[in-house]
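Notes follow once the structure below has been shown.
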Amino acid sequence: MRAMLMMGLLAAGAASAATPQDYAWQWPIQTDGEASAYVLELDADVLANVRRSDLRDLAVFNAAGEAVPFAPWPPQRQDEDVREPLAWLRVPLPAPGQPDSLALRLERDADGRLRGLDLRTTDGAPPPAERHDLLVDRGEDEPPALSRLHVQLAGDAALPVNLRVRVSASDDLASWQDVGSGLPLVALDDNGLRIERLQLDIASTRARYLRLAIENDGQWPAIAALQAERRITGGDTREWKTLELMGIAVAGQPGTYTYASPAPVAVERMDLRLAATNSVSAVQVNVRAPGSEWWQGVAGFTAFRLGNGDDEVRHIAPGISPQRHLDWQITTQPALAQPPTLVLQYRPERFVMLAQGEGPYVLVAGSARVVREDYPVQAALAASSTPPKAATLGARAEAGGEAALAPKRGEDWQRWILWAVLALGAGLVLVVSLRVLRHPKAE
């Protein structure tokens with residue numbers, strides 16, 4: 001009985017021990033100096049060779065062919081976009097023909113913020129009320145840097161809004177520097193579609209005061225609020241990468257296009273680039289898990305591309321949660337005659353390996369046979385006083401090749417031997433038990 005169980009355990013161990021030949025491809029890992037741990041950044045060129053969306057068919061082996069601890073290494077903190085309300089006032093402008101000599105009287109509250117403005121010409125004539133700029137007081141001597149403003153229209157704002165805005169910055173209300181010009185501010189309805197671009201992207205500035213002026217003909221709509229957006233970085237230094245995918249029309253479904261990502265990268269940003277100018281369409285973005293027939297919604301928005309040349313205005317890319325899918329779908333209404341370009345942005349995956357055994361080490365990828373084990377890498381790194389060093393990959397070479405991507409059929413005998421031994425052992429235990437019950441020992 002004991003011998004049979006030992007045979008089963010040996011068969012199980014033989015079945016679970018992975019080697020580099022269980023993977024299709026391999027890359028030599030190039031390290032600079034000795035360390036207890038190394039970090040690898042894997043982009044789409046590497047991830048295109050994996051077969052699992054959870055990346056569990058990535059592993060590292062040492063020179064003896066032994067698997068070493070290897071696991072994802074996510075950043076400790078994520079980048080975060082924060083919106084903050086801004087205090088603002090209207091700055092009246094002189095009417096055409098009025099003299100340029102102006103007197104500006106400022107009123108401040110107890111905290112030093114601007115509370116009121118009064119603009120008068122030297123002859124005492126008030127400027128027209130409908131002509132004004134917007135003056136923002138950030139209320140701090142050294143405010144944090146910002147590079148984006150959001151305009152929130154009031155509920156009774158008159159449409160359409162089609163303005164070009166110039167933004168200037170100052171610390172003393174005397175000298176001003178342009179941080180953005182020709183910025184579109186658009187809000188209109190077109191056959192039931194709401195077209196909006198109420199975001200002003202400017203050069204990064206820490207100035208206390210901002211002045212928003214209309215460059216073309218038009219007046220400011222009723223505004224409910226102004227907001228500043230700034231990014232709080234989490235220390236993630238990975239470089240953004242871009243994939244541009246071309247769509248394939250779905251037969252019998254006008255305006256529907258499918259896209260195939262070359263690798264299961266973690267997409268954090270997405271956008272659509274419309275093929276034709278002066279195009280507007282309601283867009284639904286979907287993704288699908290491998291082997292599934294059902295599409296799951298990711299984002300819905302109005303995509304547009306209006307105007308020509310330098311005067312072109314386009315939609316703002318929608319925000320999405322991270323997606324690791326190969327199959328993407330775009331549906332448009334009204335149906336777009338040409339497939340838009342799907343633009344996906346991601347950052348390379350960062351993995352960490354512990355240096356166990358002698359090098360050189362190799363990274364392997366792509367397997368239908370084995371799955372990488374879960375290693376307590378994070379705990380080991382937390383206990384170490386030295387951070388891991390960066391490592392790079394050499395040229396790709398074949399490991400197990402196509403055989404590693406085929407279903408594991410030829411070696412199923414190991415699994416069947418294990419089950420047979422266990423079944424035989426259970427049968428023997430049952431027979432012995434029945435004999436004891438039928439012929440109990442005499443007391």
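For the reader, a short list of remarks on this structure follows.
- Test: residue in region 69-87 that is of a type outside the set (Ser, Thr, Tyr), over 31 Å from the mean Cα position of the chain (by Cα), surrounded by fewer than 18 Cβ atoms within 10 Å (Cβ to Cβ) and closer than 19 Å to residue 396 by Cα: no
- Residues considered: 228, 224. Of these, the only one that is touching a Gly at 6+ places or on another chain (Cβ under 9 Å), under 30 Å from residue 155 (Cα atoms) and in the same structural domain as residue 162 (by TED's automatic domain parsing) is 224.
- When we screen 352, 371, 313, 343 for residues that are surrounded by 18 or more Cβ atoms within 10 Å (Cβ to Cβ) and of a type in the set (A, V, I, L, M, F, W, C), the only hit is 352.
- Top-ranked residue in region 341-350 [being out of contact with any helix residue (DSSP H, G or I) (no Cβ under 9 Å at 6 or more places or on another chain) and in a strand (DSSP E or B); ranked as farthest from residue 298 (Cα to Cα)]: 350
- Positions within region 238-247 being loosely packed, with under 15 Cβ neighbours inside 10 Å and over 17 Å from residue 41 (Cα atoms), in sequence order: 244, 246
- Restricting attention to region 198-244, the residues that are out of contact with any Leu (no Cβ under 8 Å at 6 or more places or on another chain) and polar (S, T, N, Q) add up to 3.
- Residue in region 209-222 that is assigned to a strand (DSSP E or B) and under 27 Å from the mean Cα position of the chain (by Cα) present: no
- Residues within region 230-261 that are in a loop (DSSP other than H, G, I, E, B) and charged (D, E, K, R), tallied: 3
Yes or no, residue by residue, for (1) surrounded by fewer than 12 Cβ atoms within 10 Å (Cβ to Cβ); (2) touching a His at 6+ places or on another chain (Cβ under 9 Å); (3) within 24 Å of residue 346 (Cβ to Cβ):
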| residue | (1), (2), (3) |
| --- | --- |
| 249 | no, no, no |
| 252 | yes, no, no |
| 261 | no, yes, yes |
| 267 | no, yes, yes |
| 270 | no, no, yes |
| 274 | no, yes, yes |
| 295 | no, no, yes |
| 298 | no, yes, yes |
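- Of everything in region 262-281 that is among the small types (Gly, Ala, Ser) and not in a loop (DSSP other than H, G, I, E, B), the residue that is modelled with the highest pLDDT is 281.
- Whichever residue in region 40-66 is surrounded by fewer than 17 Cβ atoms within 10 Å (Cβ to Cβ) and of a type in the set (A, V, I, L, M) and, among such residues, is farthest from residue 355 (Cα to Cα): 48
- Residue in region 110-126 that is modelled with pLDDT of 80 or more and not hydrophobic (A, V, I, L, M, F, W, C) present: no
The values are calculated or read from the model by the stated rules, or taken from the named source; none is laboratory data. What you see is a predicted model, and the numbers here were worked out from it, not measured in a lab. Every residue, glycine as well, gets a Cβ built from its backbone with ideal geometry; the counts of neighbours run over all protein chains shown.
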